[in-house]
Amino acid sequence: MRINYFKIVMPAVAIILAIVGSFSSHASEKSTSAIVPGYTLLPTGTVCINIANCSNIPSPVLCSVIYQSVTYQVFGKEHPNDTACITFLFRPI
């Protein structure tokens with residue numbers, strides 16, 4: 001009887017534990033929110049200057065800053081070496 005127990009029950013228990021373990025040990029979800037530097041083009045120059053930190057995750061509110069009583073929309077760069085800042089950025093939620 002003891003041999004049948006180990007041959008039948010123990011593999012079944014091992015399989016059940018493996019299934020339960022695989023569902024209970026989810027890898028931690030990675031945050032999809034990324035804070036990226038935001039740039040704006042001020043009327044005093046033609047170069048994008050780093051002025052704020054915004055998110056590249058879409059949200060209802062676009063990223064903007066107030067500089068010398070004027071509101072400017074903040075944009076991102078596709079690559080850090082780019083001279084143009086054209087990517088829409090959003091307010092972090």
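Between Ala18 and Thr71, the contour length at 0.36 nm per residue exceeds the alpha carbon distance by 13.4 nm. Based on C-alpha pairs under 8 angstrom that are at least 6 apart in sequence, segment 43-84 has a relative contact order of 35 percent. Between Gly76 and Tyr39, Ile86, Thr87, Phe88, Leu89, the built amide H atoms are under 5 Å apart, and every one of these is 5 or more places off in sequence or on another chain. At q = 0.27 Å⁻¹ the log10 of I(q)/I(0) for segment 35-88 amounts to -1.13, computed by Debye summation with a single uniform scatterer per C-alpha, solvent ignored.
Readers should treat all values here as calculations from the given coordinates under stated rules, not as data from a laboratory. Source: prediction; values computed, not measured.
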